[in-house]
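Engineer: Next up is a structure, given as structure tokens.
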Amino acid sequence: MILLVNPRATKPKNRRFPLSVMALGAALPEGASWELLDGNVPGTDLHAGIASRVEARAGGPDPVTLVAMTVMPGPQLLAAVPLARRLKERFPRLPVVWGGYFPTLYPLPVLRAPYVDFLVRGQGERTLVELLDVVAGTRDPATVAGLGFRDGGEPRLNPERPWTGPDDFPSPPYERIDVGSYLMPTFLGRRNGVYHASIGCPYTCNFCGVIAAYGSRERFESPARTSAHLSFLVERHGMDAVHFYDNNFFLKEPHAEELCERITPLGLRWWCEARIDVMLRYSDATWRKIRRSGLTMAFFGAESGSDERLRRMSKNLTVEQTLAHAARMRSFGIVPEYSFVLGDPEDPEDDVATTLAFIRKLKGINPDIEVITYFYTPTPQRRGTYGGVDPLSETPATLEEWIEPEWVGWMTHEDPLVPWMPPALKAKVTDFELVLESRFPSLKDLKTARWGRALGRLLARRRWERGRYDDPRLLRTVRSLARRGAADRQEYGHLRPPA
């Protein structure tokens, strides 16, 4: 028996399909027994659930032989570390393997932890299958591509495994989960699901963890397969909205046309991530097909208000393209979310000033745009890192250090303690965001009472017109009084619940 574990990453009300461990289970050999445990399900105690299964099967014909965890940076790492440590203390001979973005990007701290026996870098399906032979004692771990382990007590990382696209693997095993319990209400619909139709990204942005993990490459599954899976979720489970987890949903125009034509009859409202320059190349006819298919909001990496910084980010984008894109999105009635990476190590003050001014310009072209800002935290790269900084310099050597509050702030980009971003400059960004969000309330802010939204718009109007954002105390007070509950940083965009 193999236990595939999704440590808690969010609040239960924000849970969504555990796609990564579902994919692992689907790829296991025929006849292999496995079970999926999701820490995001309400009332789940992962340690107790794993321990009970290990103990119940001990000495039987099908004992638990491996616990495999997927681990993302941030809240999921915070849950995974104590879970793995407690399991190893209780069952010292039970192998534990970690996969996912964190062990892929930061393998050495993982292999230094005595409670993690193996790690998988990059795509995990085939590596996990071969690891089963290692655990059974019939294969040398040094022969398994993509595997990390300890050799004589020292961390060892095998060569990367070439990865393949979704069509090379079985369909997601929806029968292994309670599908209906994951279809949560959002502003897109009452029963919002999630889906992944590709892997990787073909671009070279040198601040992005996706490129670091997979290289500059992307593989899509066929539109027929995507539409078949979505049809099943719509017809069998009543899904009415979907968020695509693809890091880059649109690439070649014929593929986009076919996919949108296939999913249009499903009547879904949907969200995705895409490239500004790619969509600008599409014809108006394709844009109309995309809109008819139900695309309601899309996330785009605008990243900076400076062409020079975009060049140094290896973004292959210009500010003029973003401005043209904002106008085109408005003409087709699709809401764009633009993300911005703030904190150029070479000149952070100019970066902040330039980008905030650019956001003002975008709002003038398309008032409906949503804005998401991140403070720049360097991520390990393959070809050099934006800002010319060492992404591993002074980062923690152990998992225990990684789950300290300051490093959680680093992983989530909320408050990274980097020397080039002093508190005063971060406060300048925070003040700007408050004025911006008060003047143009977000579709996703459904916790602020109507009176608070109306008063905020009124009070922020003059500040916005004059470009004054410093110390907006009154707006802060209004928001505090009008908010129903504290802001939830775990509610990412499309997963915020509807009114």
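Engineer: So how many residues does the range 133-155 have that are within 16 Å of Pro107 (Cα to Cα) and touching a residue at least 40 places away in the same chain (Cβ under 8 Å)?
Structural biologist: Final tally of qualifying residues: 2.
Engineer: Can you confirm whether Thr264 is assigned to a helix (DSSP H, G or I) and within 19 Å of Asn192 (Cβ to Cβ)?
Structural biologist: yes
Engineer: Next question, about the same structure. Considering only residues of the range 93-113 that are part of a helix (DSSP H, G or I) and touching a helix residue (DSSP H, G or I) at 6+ places or on another chain (Cβ under 8 Å), which is nearest to Thr395 (Cα to Cα)?
Structural biologist: Going through the qualifying residues, I end up with Pro109.
Engineer: Residue by residue through the range 432-477, note down the ones that are polar (S, T, N, Q) and more than 26 Å from the chain's Cα centre (by Cα).
Structural biologist: Correct list: Ser438, Thr477.
Engineer: Select from the range 303-322 the residues that are of a type in the set (D, E, K, R) and surrounded by 19 or more Cβ atoms within 10 Å (Cβ to Cβ) and list them in ascending order.
Structural biologist: The answer is Glu303, Arg309, Lys315.
Conditions (1) in contact (Cβ under 8 Å) with a residue 60 or more places away in the chain; (2) farther than 28 Å from Thr412 by Cα, marked per residue:
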{"residue": "Met1", "(1), (2)": "yes, yes"}
{"residue": "Lys11", "(1), (2)": "yes, no"}
{"residue": "Asn14", "(1), (2)": "yes, no"}
{"residue": "Val21", "(1), (2)": "no, no"}
{"residue": "Glu30", "(1), (2)": "no, yes"}
{"residue": "Asp38", "(1), (2)": "yes, no"}
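Conditions (1) of a type in the set (S, T, N, Q); (2) part of a helix (DSSP H, G or I); (3) crowded, with 23+ Cβ neighbours inside 10 Å, marked per residue:
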position: Met239; (1), (2), (3): no, no, yes
position: Glu258; (1), (2), (3): no, yes, no
position: Glu273; (1), (2), (3): no, no, no
position: Lys289; (1), (2), (3): no, yes, no
position: Gly301; (1), (2), (3): no, no, yes
position: Ser331; (1), (2), (3): yes, yes, no
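Engineer: How do the strands (runs of 3 or more DSSP E) wholly within the range 1-92 filter down when requiring 1 or more residues that are surrounded by fewer than 17 Cβ atoms within 10 Å (Cβ to Cβ) and modelled with pLDDT of 95 or more: which remain?
Structural biologist: Ranges flagged: 34-38.
Engineer: Answer with yes or no whether Ser181 is of a type in the set (Ser, Thr, Tyr), closer than 23 Å to Leu4 by Cα, touching a residue at least 12 places away in the same chain (Cβ under 8 Å) and outside any loop (DSSP other than H, G, I, E, B).
Structural biologist: Yes; evaluated as a whole, the condition is true for this residue.
Engineer: Could you please give the count of residues in the range 211-230 that are of a type in the set (Gly, Ala, Ser) and either within 18 Å of the chain's Cα centre (by Cα) or more than 17 Å from Asp167 (Cβ to Cβ) (or both)?
Structural biologist: Residues flagged as of a type in the set (Gly, Ala, Ser) and either within 18 Å of the chain's Cα centre (by Cα) or more than 17 Å from Asp167 (Cβ to Cβ) (or both) within the range 211-230 amount to 4.
Engineer: Which residue pairs have Cβ atoms under 8 Å apart, sit 6 or more places apart or on different chains, and have a first residue in the range 386-403 that is in the same structural domain as Gly209 (by TED's automatic domain parsing) and surrounded by fewer than 17 Cβ atoms within 10 Å (Cβ to Cβ) and a second that is among the basic types (Lys, Arg) and not in a loop (DSSP other than H, G, I, E, B)?
Structural biologist: Partner pairs satisfying both residue conditions: none exist.
Engineer: I would also like to ask the following. Given Ser222, Ser198, Ser171, Ser227, which one is under 23 Å from Thr264 (Cα atoms), outside the structural domain of Ser293 (by TED's automatic domain parsing) and either among the polar types (S, T, N, Q) or touching a Phe, Trp or Tyr at 6+ places or on another chain (Cβ under 7 Å) (or both)?
Structural biologist: Ser171
Engineer: Next up: Restricted to the range 124-148, and to residues that are closer than 14 Å to Ala68 by Cβ and not aliphatic (A, V, I, L, M), which residue is surrounded by the most Cβ atoms within 10 Å (Cβ to Cβ)?
Structural biologist: Gly124
Engineer: Still on this structure, I have one more. Six or more apart or on different chains, Cβ under 9 Å: which pairs go from a residue in the range 434-451 that's over 15 Å from Leu475 (Cβ atoms) to one that's assigned to a loop (DSSP other than H, G, I, E, B) and of a type in the set (Gly, Ala, Ser)? Could you list them?
Structural biologist: What qualifies is Leu446/Ala499; Lys447/Gly485; Lys447/Ala486; Lys447/Ala487.
Engineer: From (1) in contact with an Asp or Glu (Cβ under 9 Å, 6 or more places away or on another chain); (2) more than 22 Å from Ser20 (Cα to Cα), pick out the condition that doesn't hold for Phe149.
Structural biologist: Evaluating Phe149 over (1) in contact with an Asp or Glu (Cβ under 9 Å, 6 or more places away or on another chain); (2) more than 22 Å from Ser20 (Cα to Cα) leaves (2) as the failure.
Engineer: Using the structure shown, decide if Gly193 is under 30 Å from Met1 (Cα atoms), assigned by TED's automatic domain parsing to the domain that holds Phe118 and touching a residue at least 40 places away in the same chain (Cβ under 8 Å).
Structural biologist: Against the criterion (under 30 Å from Met1 (Cα atoms), assigned by TED's automatic domain parsing to the domain that holds Phe118 and touching a residue at least 40 places away in the same chain (Cβ under 8 Å)), Gly193 does not qualify.
Engineer: Run down Phe207, Phe187 and say which single residue is touching a Pro at 6+ places or on another chain (Cβ under 6 Å) and outside any strand (DSSP E or B).
Structural biologist: Of Phe207, Phe187, the one residue that is touching a Pro at 6+ places or on another chain (Cβ under 6 Å) and outside any strand (DSSP E or B) is Phe187.
Engineer: Right, something else. Out of Gly193, Gly137, report the one residue that is more than 30 Å from Ser304 (Cβ to Cβ) and assigned to a loop (DSSP other than H, G, I, E, B).
Structural biologist: Step by step, each of Gly193, Gly137 is checked, and only Gly137 is more than 30 Å from Ser304 (Cβ to Cβ) and assigned to a loop (DSSP other than H, G, I, E, B).
Engineer: Just need a number here: residues in the range 404-417 that are surrounded by fewer than 18 Cβ atoms within 10 Å (Cβ to Cβ) and aliphatic (A, V, I, L, M).
Structural biologist: Total meeting the criteria: 2.
Engineer: Also, quick follow-up: Looking at the range 319-342, I want the residues that are in contact (Cβ under 8 Å) with a residue 12 or more places away in the chain and basic (Lys, Arg) and have a partner that is part of a loop (DSSP other than H, G, I, E, B) and surrounded by 18 or more Cβ atoms within 10 Å (Cβ to Cβ) with Cβ atoms under 8 Å, at least 6 apart or on another chain. Which pairs are those?
Structural biologist: Listed by first residue and then by second, the contacts come to Arg330/Asn366.
Engineer: For the range 389-400, give me the residue count where each residue is in contact with a Phe, Trp or Tyr (Cβ under 9 Å, 6 or more places away or on another chain) and more than 13 Å from Tyr106 (Cα to Cα).
Structural biologist: Adding up the residues that qualify gives 1.
Engineer: Pairs needed: first member in the range 45-62, in the same structural domain as Ala80 (by TED's automatic domain parsing) and among the acidic types (Asp, Glu); second member anywhere, surrounded by 15 or more Cβ atoms within 10 Å (Cβ to Cβ) and assigned to a loop (DSSP other than H, G, I, E, B); C-beta distance under 6 Å; at least 6 residues apart or different chains.
Structural biologist: Asp62/Met1
The values are calculated or read from the model by the stated rules, or taken from the named source; none is laboratory data. Note that the structure is predicted; figures quoted are calculated from it, not measured. Glycine also receives a Cβ, built like all others from the backbone with ideal geometry; neighbour counts cover every protein chain displayed.
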